[in-house]
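Since the structure comes first, as structure tokens, the remarks are kept for the end.
Just so it is clear, none of the values below were taken in a lab; they were calculated from the coordinates. Treat the numbers as computed from the prediction; the structure is a model and nothing was measured. All Cβ positions, even for glycine, are placed from backbone atoms using ideal geometry, and neighbour counts span all protein chains on display.
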Amino acid sequence: MFDGKRIVLGVSGGIAAYKAAHLARQLRKRGAEMRVVMTENATRFVTPLTFATLTQSPVCASLWQQPDSWSMEHISNARWGDLLVVAPATANVIAKFAHGIADDAL
């Protein structure tokens, strides 16, 4: 169903963040390639290691983490993905999207 599709999963810091791990697993099972971008608050509910294990790809969880390459990770993720899914999408993240506030990795 998702064979060959590239999905960037955005995980924000709500109590439902643990459900995003299940979503990532299901999307991978259906053939999607995935990358995960987490807000700092999301890491308080689920660790980046959980998503790295489920998706078999590195997780971007901070604006300040050292990337493996010199590419700008936020731009490379935008170019790489066919689709962005944000789950859970907290009111805080939705408001930041609406107002163009970019103070977190997501």
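Worth a mention:
- Count - residues of the range 12-41 that are touching a Leu at 6+ places or on another chain (Cβ under 8 Å) and free of Cβ contacts under 8 Å to residues at least 60 places away in the same chain: 8
- For the residues G4, G10, the requirement of being under 14 Å from A89 (Cβ atoms) and either among the small types (G, A, S) or in contact with a Ser or Thr (Cβ under 6 Å, 6 or more places away or on another chain) (or both) singles out G10.
For every residue, the table says whether it meets (1) in contact with a Gly (Cβ under 6 Å, 6 or more places away or on another chain); (2) closer than 16 Å to N77 by Cβ; (3) of a type outside the set (F, W, Y); (4) surrounded by fewer than 21 Cβ atoms within 10 Å (Cβ to Cβ).
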residue	(1), (2), (3), (4)
Y18	no, no, no, yes
L23	no, no, yes, yes
T53	no, no, yes, yes
P58	no, yes, yes, yes
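- Meets criteria (surrounded by fewer than 20 Cβ atoms within 10 Å (Cβ to Cβ) and outside any helix (DSSP H, G or I)) for G31: yes
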